[in-house]
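K.L.:
My questions will all concern the structure given below.
The values are calculated or read from the model by the stated rules, or taken from the named source; none is laboratory data. Small disclaimer: the values here were computed from a predicted structure and weren't measured. So basically every Cβ, Gly included, is an ideal-geometry build from the backbone, and we count neighbours across all protein chains shown.
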Amino acid sequence: MKDVDRLAMRTVFWIIPLLTVGIFILDLLTPVGMAVSILYLVPLLLTYPSSRAKDPFYFSAVATVLIWADVLLKPAGLSIPYALFNRTLGMMVIWVIAIGLIRYKQTQHELKSALVEQAHAEGLMMEAQEARYHSDREAVRAAVGRGAAEEQLLVSRLRLESIIESAMDAIITVDEDQRVVLFNRAAEEMFGCSVRDATGQALDRFLPTQFREAHCHHIRTFGQSGVTSRKMGKLGTVMGLRSNGDEFPIEAAISHIAVERKTYYTVILRDITERKRVEHSHQESQRQLATLISNLPGFVYRSKNDRDWTMEYVSEGVSDLTGYPVEDYLVQRTISYGKNTHPGDRERIWQEVQTAVGQHHPFEMTYRVLTKSGEVKWVWERGEGIYAQDGTLNYLEGFVTDITERKRAERLLRQSEERYRRLITISPYAILVHRGDHLIFANDQAIKLFGAVKAEQILEKSPMDLFHPDYHVVIRERIHELLEGRVQVPMLEEQIMTLDGRAIDVEVSTARFVDEEGPAILAMLQDISERKRLQEQLRKTERIAELGTLASGMAHEIGTPMNVILGRAEYLMDRVTEEPIKKGLQTIVTQVERITKVMNQLLSFVRRKAPERCPLDLRGTIEAGMELFQERLARNQIQVELALADNCPRALADPDQMSQVFINLVMNAVHAMPDGGMLRIGLAPEKQMVKLTIADTGHGIPRDVVEKVFEPFFTTKEFGQGTGLGLTVVKGIIEEHQGSIVVESGEGKGTTFTILIPQTDSQ
């Protein structure tokens, strides 16, 4: 018989991997929406006879890998969300059954072990009683031959003591006063008390307080009953008390014997803590399984293979789905599930099921049912045939769930996707979708904005590749906020970098959303370059207008008094001889001249005449200007480095105004190097323009100040040492020449001004 069992186990061992491989290949051959992964339940159930309790777990892990591998490898079928749903549901059923098998096998193993231990203990008790009987018999024989009897009694006692000490159960013997006279090694381990401490102690010491009175009454009653023993378990479950105060459940067998007119009671105690735990675990497993079935989003069933789908078992979920109670299907049989199916789907359902069971394949289908109230619901069903050993179909088992909401959601999703697809197409905004570390979507407006020809040119790029470096910190913070759960962040103005390297001002609005692939970030960009240009132009126009009004008023109101003060001061300087008075008058003259200079600069700024542009060799302008600063540069220990290209074309510019620009910038460089330094002046052609650079090694300009240096009345010099109009006039002159001026600076790194002036058409 054992050989037959071993042969069967070997056969099952080979059948499981063969079935698994076959199911995987079959699943690969079916479309995505027709998954047959529930077939993995067949080899899963075949793991039950295995001696290894965790074999169902290992098989479920392998089946899970194969189910998801199938999604990636098989040919296209129905929608991916639908495939993921049915495969997730199939995987859940496999794992539920696997967990149930594992717990059931563990429970059976533990119960079997407990029964073996019980039988062993009862055998030991019988041996002990038999040994005691032989001991008593030998004692009687001592009257005939005391020497031989004593020897035999000693041997019997030794054998009895050996049995008692080797017993797995606790053995305790008490006298008529219920004082311990025998306490074996198992009792020591069970109660945590040594033989020395236990001997002579009342048996109550090993019982919880609430059970002691009842125990004493039971002992007295038992001694008077005439019954010499009661088997293990007849007393039910009682509680023991360990020396550390812990209470635990035990089973007991009791017997009594009279020796020399004294009655001794012997109890055999067995710790059933583990058995109780196993029983509780088994009950909890059964409860969890029942709870799981009752809470599934649908119902499980076992039915006959007839057109009525007559139910032999159906879970409570059928009532939530159809409105009919379980009793109507199983007891009264006033309704059949076949009548619940929609008339338009009944024949198709029958044919699909018969085809599947005829091939011993599981079946999976979607159809409509009619509820008790007449409502039409969509359901998804997956099941398979259960066959006898000869291949005869016994019944059908499966799972049915309501997918009405999913069907409605799919329909609404399709409508929504189409609606948003049209909105994105016609949107005036550039739309980007970012997930992970790269872009995954860009609409036509985004492609145009970044100067791309096709979407692939900007997809797979990081947002940091498409935005100006000055905004990278802000972008990282915004992405972090969105991924941490913030739904939307305020609209911000930033700069993007086109594929050809141009910076464009944009207005960016971002929001977080989650789809089937996880969280993603939606960004909408609008080009605001023209708007910012117009705003800046309007701002400058307004400020210039204000300056014009201010300058005209100041020239009228201050000019005449300043001339009078200057004339009187010069008159007095020529007539006084005291040196302190002359110094005071000189200060007045200096400050009046400064006021007059500021007024003239203001008037020059607001009333600047249009440049008289002509071909101009800027080399000559530079050389003439450097002669003016030669003495001052030497006094301030400033070295000059000239890099003037020999073949530099002429610029189309006003000579006087360009000289003013050059002198102003050199003067600023000299002021920036009070302790000496290097002044570098460069002149070279560049793309139909003439490039003039003036760089110093002075103290530099802070980053937050660089952007303001061209604003009127803004100056970094100490009070009284600058008007804040010089660079404003320079920028205005350059822009009127259709050129550009850029400043680069950093604290402690010096400052560089770069000017581009259009070349003349003729050399």
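K.L.:
Could you tell me which of the residues I681, I701, I694 is assigned to a loop (DSSP other than H, G, I, E, B), β-branched (V, I, T) and closer than 24 Å to L633 by Cβ?
P.N.:
I701
K.L.:
Additional query: Counting only residues that are in a helix (DSSP H, G or I) and modelled with pLDDT under 85, which one in the range 419-454 is nearest to T510 (Cα to Cα)?
P.N.:
Once the filter is applied, the top-ranked residue is I424.
K.L.:
If I268 passes every condition in (1) crowded, with 16+ Cβ neighbours inside 10 Å; (2) free of Cβ contacts under 8 Å to residues at least 60 places away in the same chain; (3) aliphatic (A, V, I, L, M) but one, which one does it miss?
P.N.:
(2)
K.L.:
Of all residues being outside any helix (DSSP H, G or I) and touching a Ser or Thr at 6+ places or on another chain (Cβ under 8 Å) in the range 41-80, which is modelled with the highest pLDDT? Just the residue, please.
P.N.:
So the residue we want is K74.
K.L.:
Under 9 Å between Cβ atoms, at least 6 apart or on separate chains: pull out the pairs that start in the range 633-646 with a residue that is within 12 Å of A669 (Cβ to Cβ) and end on any residue that is among the aromatic types (F, W, Y).
P.N.:
Pairs found: I638/F629; V640/F629.
K.L.:
Given the options E316, E312, E247, E274, name the one that is at pLDDT 85 or above, under 27 Å from G192 (Cα atoms) and either assigned by TED's automatic domain parsing to the domain that holds Q354 or charged (D, E, K, R) (or both).
P.N.:
Testing whether each residue is at pLDDT 85 or above, under 27 Å from G192 (Cα atoms) and either assigned by TED's automatic domain parsing to the domain that holds Q354 or charged (D, E, K, R) (or both) leaves just E247.
K.L.:
Hey, among the residues in the range 732-763 that are of a type in the set (G, A, S) and surrounded by fewer than 16 Cβ atoms within 10 Å (Cβ to Cβ), which one's nearest to M673 (Cα to Cα)?
P.N.:
G748
K.L.:
Six or more apart or on different chains, Cβ under 8 Å: which pairs go from a residue in the range 236-249 that's free of Cβ contacts under 8 Å to residues at least 40 places away in the same chain to one that's assigned to a strand (DSSP E or B) and among the small types (G, A, S)? Could you list them?
P.N.:
Filtered contacts from the range 236-249: V238/A252; E247/G240; F248/G240; P249/G240.
K.L.:
Does T334 qualify as being closer than 17 Å to G383 by Cα, in contact with a Phe, Trp or Tyr (Cβ under 9 Å, 6 or more places away or on another chain) and in the same structural domain as N394 (by TED's automatic domain parsing)?
P.N.:
no
K.L.:
Let me ask something additional. Name the one entry in R478, R512 that is part of a helix (DSSP H, G or I) and under 18 Å from the mean Cα position of the chain (by Cα).
P.N.:
Being part of a helix (DSSP H, G or I) and under 18 Å from the mean Cα position of the chain (by Cα) holds for just one of R478, R512, which is R478.
K.L.:
Quick check: is even one residue across the range 331-346 surrounded by 16 or more Cβ atoms within 10 Å (Cβ to Cβ), of a type outside the set (D, E, K, R) and touching a residue at least 40 places away in the same chain (Cβ under 8 Å)?
P.N.:
Looking for residues that are surrounded by 16 or more Cβ atoms within 10 Å (Cβ to Cβ), of a type outside the set (D, E, K, R) and touching a residue at least 40 places away in the same chain (Cβ under 8 Å), one finds none in the range 331-346, hence no.
K.L.:
Here's something else I'd like to know. For A83, are the conditions met, namely being buried (at least 20 other Cβ atoms within 10 Å of the Cβ), touching a Lys or Arg at 6+ places or on another chain (Cβ under 8 Å) and at pLDDT below 75?
P.N.:
Against the criterion (buried (at least 20 other Cβ atoms within 10 Å of the Cβ), touching a Lys or Arg at 6+ places or on another chain (Cβ under 8 Å) and at pLDDT below 75), A83 does not qualify.
K.L.:
Looking at the range 347-362 only, could you name the residues that are without any contact (Cβ under 8 Å) to a residue 24 or more places away in the chain, farther than 24 Å from S319 by Cβ and under 43 Å from the mean Cα position of the chain (by Cα)?
P.N.:
E352
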